[in-house]
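Below you'll find the structure, written out as structure tokens, and then a few comments.
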Amino acid sequence: MKVNHYRTVESQPVTKEGAHGCRVRGLVGPADGAPNFAMREFEIEPGGYTPRHSHPYEHEVFVLEGAGEVYEGDTAHPLRAGDVIYVAPNDVHQFRNTGPERMRFLCMVPNSAANAPVTAAPECSVATGKS
């Protein structure tokens, strides 16, 4: 069993192309003995966003605080604390903080995702409102 406060895990900047103002913490994963899933915590600053991307695995998200949008392809869905999101395998998606405060969410992915390809959407390298 592992019990600790999330702040004891150092956050790292998300360095994938197309990310802005986004940090991640790896809270639980294979190194902790978790055989199937990894839990990550993302923090997105106001105006920040994750890369617009897809991958061949699902993930589940729980919004802890803040407000924003999640893009499913070109369709934006509003988000707020308490919302739950399921992202299906290969769905192009992106999380954006549209609120005045930091947005935080938990994201669970299968451990097999560690070696799976992540495909940045072509518009990630273009400076648009949907990067």
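Each reported figure results from applying straightforward, stated rules to the coordinates on display, with no laboratory input. Computed from a predicted model, the values in this text were never measured in an experiment. Using ideal geometry, Cβ is built from the backbone for each residue, glycine included, and neighbour counts are taken over all protein chains shown.
Going through (i) 14.9; (ii) 14.1; (iii) 15.5, the figure that equals Kirkwood radius over Cα pairs in Å as computed for the structure here is (i).
Given R0 = 22 Å, the distance between the Cβ atoms of Glu101 and His5 translates into a calculated FRET efficiency of 0.60.
If r is the Cβ-Cβ distance from Glu72 to Ala34 and R0 is 35 Å, what FRET efficiency results, to the nearest 0.05?
Efficiency, rounded to the nearest 0.05: 0.80.
Grab the Cα-Cα distance for Ala114 and Thr15, subtract it from 0.36 nm times how many residues apart they are, and report the gain in nm with one decimal. Numbers along the way, then the final one.
On the way: separation 99, 0.36 × 99 = 35.64 nm, distance 1.56 nm.
Length difference between fully extended and current span is 34.1 nm.
Please report, in debye to the nearest 20, how large the charge dipole of the chain is about its Cα centre when each Lys and Arg carries +1 at its beta carbon and each Asp and Glu carries -1 there.
Working: 12 positive and 16 negative charges, 62 e Å.
The calculation lands at about 300 debye.
A DSSP coil position with no more than 14 other Cβ atoms inside 10 Å describes the following trypsin sites (Lys or Arg not before Pro) in the stretch 11-118: Lys16. Normalising the average separation of contacting C-alpha pairs (under 8 angstrom, six or more residues apart) by the number of residues puts the relative contact order of the chain at 28 percent.
Amide hydrogen proximity for Ala81: with H placed 1.01 Å from N in the peptide plane, the residues at 5 or more positions away or on another chain lying under 5 Å are Gly66.
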